[in-house]
Amino acid sequence: MEISDRTLTCRQCESLFTWTVGEQLFYQEKGLVNAPARCPDCRAQQKLRMGLHERARTEVVCAECGDPTTVPFVPRNGTPVYCSRCFERVKESRLTAESSSSPA
């Protein structure tokens, strides 16, 4: 099934907002099955009311695929930074390389 941007109505402020393909993929990766009921602004306000403060995020370009992404830290100079999809691939390839090079 092909995923495309969806327009939803916020249950709190009743404004229309776009649930992007990237957000939908994030929901799938996390195993979340329901679409968001609130727009991003109302979700942020809800988190503040609940005491969940947004972590500072840094906009970067993935060193593997070149897509823009955000990370919850300030990258060091010279250290590659990956989007979540590429990070998983790099991590898996490193684990595979480590397990094949370790003595039996």
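Here Cys42 clears all of (1) hydrophobic (A, V, I, L, M, F, W, C); (2) farther than 22 Å from Glu2 by Cβ; (3) under 14 Å from the mean Cα position of the chain (by Cα); (4) modelled with pLDDT of 90 or more except the condition numbered (3).
Hey, among the residues in the stretch 13-26 that are over 18 Å from Thr70 (Cα atoms) and of a type outside the set (Asp, Glu), which one's surrounded by the fewest Cβ atoms within 10 Å (Cβ to Cβ)? Break it down stepwise before answering.
As a first pass, look at the stretch 13-26 and keep what is over 18 Å from Thr70 (Cα atoms): 13-18.
The next check asks that each one be of a type outside the set (Asp, Glu); those that pass are 13, 15-18.
Numbers: Cys13: 12, Ser15: 12, Leu16: 9, Phe17: 18, Thr18: 12.
Among those residues, the one meeting the criterion is Leu16.
Condition check ((1) surrounded by 13 or more Cβ atoms within 10 Å (Cβ to Cβ); (2) in a helix (DSSP H, G or I)) across all residues:
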| position | (1), (2) |
| --- | --- |
| Arg11 | no, no |
| Gln28 | no, yes |
| Gly31 | no, no |
| Asn34 | no, no |
| Arg43 | yes, yes |
| Gly51 | no, no |
| Gly66 | no, no |
| Tyr82 | yes, no |
| Val90 | yes, yes |
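Taking into account only those residues within the stretch 49-70 that are in contact with a Lys or Arg (Cβ under 9 Å, 6 or more places away or on another chain) and not hydroxyl-bearing (Ser, Thr, Tyr), which is modelled with the lowest pLDDT? Per the criteria, the residue is Glu54. Residues in the stretch 18-63 that are hydroxyl-bearing (Ser, Thr, Tyr) and closer than 30 Å to Lys91 by Cβ: Thr20, Tyr27, Thr58.
The values are calculated or read from the model by the stated rules, or taken from the named source; none is laboratory data. Keep in mind that what you see is a predicted model, and the values were worked out from it rather than measured. So basically every Cβ, Gly included, is an ideal-geometry build from the backbone, and we count neighbours across all protein chains shown.
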